[in-house]
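Let me begin by handing over the structure; questions about it come next.
The values are calculated or read from the model by the stated rules, or taken from the named source; none is laboratory data. All values derive from a computational prediction rather than experimental measurement. No Cβ is skipped: glycine too gets one built from the backbone with ideal geometry, and neighbour counts run over all protein chains shown. What goes into the accessible areas is simple: the full protein's heavy atoms, side chains included, and nothing from ligands, DNA or RNA. Shrake-Rupley method; radii C 1.70, N 1.55, O 1.52, S 1.80 Å.
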Amino acid sequence: MKNLIVGGIGVLASILLFGVTLISASIYSLYLSQPAGGGWDSNLGVFGTALFNIGTIPLLLSLVFFIIGARYVYKGIKE
């Protein structure tokens with residue numbers, strides 16, 4: 001039972017971190033697309049540049065939390 005709770009918290013934390021990262025990148029992309037904004041890379045596009053500037057570390061952390069949480073959920077179901 002403890003593994004299910006820990007895994008559920010890990011999966012929920014992953015979902016929250018992923019969502020907050022995407023929301024902050026979308027808000028920052030509005031700033032980049034303004035005429036007096038910071039400008040954006042034409043290869044990545046407005047949202048890709050914003051996501052790169054926000055950082056890939058939160059996305060990687062979200063992936064790690066999800067994998068660990070899923071393993072704990074699987075382990076809890078197996079018991």
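Normalised by the residues of the chain, what does the relative contact order come to in percent, with Cα pairs under 8 Å and at least six apart?
Across the chain, relative contact order equals 55 percent.
Of all the accessible heavy-atom surface of the stretch 8-79, with the other protein chains kept in place and a 1.4 Å probe, what percent is carbon and sulfur?
Ligands and nucleic acids excluded, carbon and sulfur give 73 percent.
Once you put a point 7 Å from the Cα of Lys75 and another 7 Å from the Cα of Ile27, both along the Cβ direction, what distance in nm separates them?
3.5 nm
So how far apart, in nm, are the two label points at Ile67 and Leu12 if each is 7 Å from Cα heading toward Cβ?
2.4 nm
Here's something else I'd like to know. Give the Debye-formula value of log10 I(q)/I(0) at each listed q (0.21, 0.22, 0.26, 0.27 Å⁻¹), with one equal scatterer per alpha carbon of the stretch 1-74, two decimals each.
-0.80, -0.84, -1.02, -1.06
Moving on. Rounding to the nearest 10 and keeping the result within 0 to 90°, find how far the Cα-based axis of helix 57-78 lies from the longest principal axis of the chain.
20 degrees
Continuing with the same structure: Which value in nm describes the separation of the simple spin-label points at Leu44 and Asn3, placed 7 Å from the Cα toward the beta carbon?
Spacing of the two 7 Å Cα→Cβ label points: 3.9 nm.
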